[in-house]
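Taken together, the values in this text are just the output of simple stated rules run on the coordinates, not laboratory data. None of these values were measured; they are calculated from a predicted model. No Cβ is skipped: glycine too gets one built from the backbone with ideal geometry, and neighbour counts run over all protein chains shown.
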Amino acid sequence: MKIIFMGTPDFAVSTVDALKKAGHEIVLVVTQPDKPKGRGNKMQYSDVKVWAVENDIPVYQPKRIREAECVEELKKYEADIAVVAAFGQILPKEILAMPKHGCINVHASLLPKYRGAAPIQWAVLNGDKTTGITIMQMGVGLDDGDILTQREVELAADETGGSLFDRLAVIGGELCVETIDLIAKGEVSPIPQNEEEATHVGMIKKDLGDIDFCEPAEKIERFVRGLNPWPSAYTRYMDKNLKIYRATVYESLDAFLAIPGSHKGETRVESAEPGQVLYADQKHVLVQTGEGLLGLDEIQLEGKKRMQMEDFLRGHKIEAGEMI
């Protein structure tokens, strides 16, 4: 098929690349305008634009896709279908109805659950056992179009936002190719979403990662994984930001000490308040939470590189009783 592809971040690259490799003709890539980034404010291409330039495919970067001139521009390409993956703008009905087979969207959840932004991270944050990819026929509402195909995946016990992102990006490309083949054969049967089961999630903001140690350790550990690698869960230590990339939940200090291993140079206090170090040794730091203990396994102190806690403790002494 002749495809107009609309997408912006690296998640979308897997889909457009899979479509091209499957033999479809990508006649145009539509992506967000270049943005200044870094200390020098140099203009930076989106990941999808980088891919398009490397593959010699025309790129269109409208500030507002809803403008009449944008609609007229897309008409020139006479596409059979438009594929959208994390584009970042709402399409008007004129564009939705333009291609022969309309517009389909690659969404990283099992709709109608998790409509909206950041469904990947929220699946981890909420402790879901499964999530997946939905290919839907786009409508005028937010992620409320008919379901064309879905594929479910299980979350690993140590799943992070980053690892799930990578897995679903690949699956999204594979399922999109399969779905377009079904559309071409007339073998897809759209299924309306159940509005009563619809849930919505918002964008992930940096301050979401500010750890509240009054929460249970289990919930904090999910936030550590869900916000890894961005924006990361964080707290303060020695008046500096301390990012936490990996952590372990312990029901109690006895449960931790029952695990075989050396515990040299240990310090401990009889009791601690949330956010206070209950136990520390040359390899481990256990922080009291509202329920259970949180072992800090991989961290990054402001101004330092990301490292394992054992490596950090070679140059920094943390003792029981200190506040994190």
Leu142 neighbourhood, Cβ < 13 Å, K/R = +1, D/E = -1, net charge -2
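Roughly what % antiparallel, to the nearest 5, for the DSSP beta bridges in region 206-313?
On the way: 23 of 25 bridges.
Around 90 percent of the beta bridges assigned by DSSP in region 206-313 are antiparallel ones.
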Listed residues Ala198, Phe213, Gly186: farthest to the positive end of the dipole of region 138-289 (Cβ charges)
Phe213
With contacts defined as alpha carbon pairs under 8 Å and 6 or more residues apart, what's the relative contact order of region 1-126 in percent?
27 percent
Rounded to the nearest 0.05, what FRET efficiency do Glu266 and Leu208 have when you use their Cβ-Cβ distance and R0 = 25 Å?
0.15
DSSP beta bridge pairing in region 2-201, given as percent antiparallel to the nearest 5
45 percent
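Between rounded, prolate and oblate, where does region 1-100 land on the alpha carbon gyration tensor, with a ≥ b ≥ c its root eigenvalues, rounded for a/c under 1.5, else prolate if a/b exceeds b/c?
oblate
Taking only C-alpha pairs under 8 Å that are 6+ residues apart, what is the relative contact order of the chain in percent?
Working: 684 pairs, mean separation 41.7, N = 324.
Relative contact order here is 13 percent.
Over region 129-287, what relative contact order in percent results from Cα pairs under 8 Å that are six or more residues apart? Don't jump to the answer; show the numbers that get you there.
Values: 183 pairs, mean separation 24.8, N = 159.
Here the relative contact order equals 16 percent.
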Could you sort the peptides 142-155, 271-284, 27-40, 196-209 by per-residue average Cβ neighbour count (10 Å cutoff), highest mean leading?
271-284, 142-155, 27-40, 196-209
Between Asp158 and Glu72, take the C-beta separation as r, use R0 = 41 Å, and let me know the FRET efficiency to the nearest 0.05.
0.25
The lysines whose Cα lies under 26 Å from the Cα of Lys205, excluding any fewer than 8 residues away in the same chain, are Lys35, Lys37, Lys42, Lys49, Lys63, Lys113, Lys129, Lys219, Lys240, Lys243, Lys304, Lys305
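Do the sum for the chain: with -39,500 (n - 2.57) for every DSSP H run of n ≥ 4, divided by all residues, what is the mean residue ellipticity at 222 nm, to the nearest 500 deg cm²/dmol?
Helix-only estimate at 222 nm: -7500 deg cm²/dmol.
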